[in-house]
1. Between the DSSP loop rule and a limit of at most 13 other Cβ atoms within 10 Å, which GluC sites (Glu not before Pro) in segment 147-248 are left?
2. First select every other residue whose beta carbon is under 14 angstrom from the beta carbon of residue 157; then total the charges, Lys and Arg +1, Asp and Glu -1.
3. Between 35, 152, 187, which gets the highest mean-square fluctuation from a Gaussian network model of the chain, Cα cutoff 10 Å?
4. Quick one: net charge around residue 54, please, counting Lys, Arg +1 and Asp, Glu -1 for every other residue with C-beta under 13 Å from its C-beta.
5. For a quick check of your reading of the filter: which GluC sites (Glu not before Pro) in segment 29-95 sit in a DSSP loop and have no more than 13 other Cβ atoms within 10 Å?
6. Explain nothing, just the number: relative contact order of segment 133-200, from Cα pairs under 8 Å at least 6 residues apart, as a whole percent.
7. From the residues 127, 177, 138, which one has its Cα farthest along the dipole of segment 105-198 in the positive direction, the dipole being from +1 and -1 charges on Cβ of Lys/Arg and Asp/Glu about the Cα centre?
8. Cross-link list 57/210; 11/57; 37/135; 112/179; 67/179: which exceed 28 angstrom alpha carbon to alpha carbon?
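We did not get these values from a lab; they are worked out from the coordinates using the rules stated. Treat the numbers as computed from the prediction; the structure is a model and nothing was measured. Glycine gets a Cβ as well: all are built from the backbone with ideal geometry, and neighbour counts include every protein chain shown.
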Amino acid sequence: MSGHSKWAGIKHKKAVIDSKKGKVFSKIVREINVACKEGGANPDDNPRLRLVIQKAKQFNMPSDNIKRALAKSANSSENYESVRYEGYGPGGAAVMVEAQTDNRRRTTQEIKNIFSSHGGSFGDVGSVSWMFSKKGCILADASAGEEKIMDAAISAGADDIRETEDGFEIFTSPDNFEKVTDSLKAAGIKVLSADVSNFAATNVALAGEKARAVLRMMDELENHDDVIDTSANFDIDDSEIEKFSNGL
């Protein structure tokens, strides 16, 4: 799980940067559209929509933008579908990509090209997903103190808590994700990031050019307009991660 946690940290930093450029907002608007199509425009009755709205607030998307996206989705003729892509990156790291597209053929070809251009291999659905499980991951500000964070998280049903240099990572089941997030906030603990994603049970250690190559591939996948989430099971030394992160 640690390899994905490192990538999750990079993703969060990148998303914060992209939110300042408006890139994240456009993807969130699309996620709102798909969530509304699948479960209705009332967040109280649509858990997926609640998670997307929480994500929007996390990246400081203005409330008016969220309201407009909800109103537009109710009458939108846009027809996006959720798709998943799987394969291997340089060095044999397993990679999963979740996207939302109105043209599956176009998006599939573009994702294939990203895999191949970085020395990866595009696989069939199911080729690597068996290595991953869906979990909630919440990063809490360490300034609240370990005991307070653990009490709020465990009492709400958290599965695991780990201290990192960025704060405390709290892992939950998808069902308990909202409950644990709300418990932390109610206790006055700052939530730095919160998302439900795919986590691998085992990791592949990468170094040198293979490490840099897989990071470049993951970055390009994240930059694709249709991609909403990426997951990978690589484990890369912190020094390599820092060099890459500083270049974002």
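1. 165
2. -4
3. 187
4. Cβ neighbours under 13 Å give a net charge of +2.
5. 78
6. 50 percent
7. 127
8. From 57/210; 11/57; 37/135; 112/179; 67/179, over 28 Å: 57/210; 112/179.
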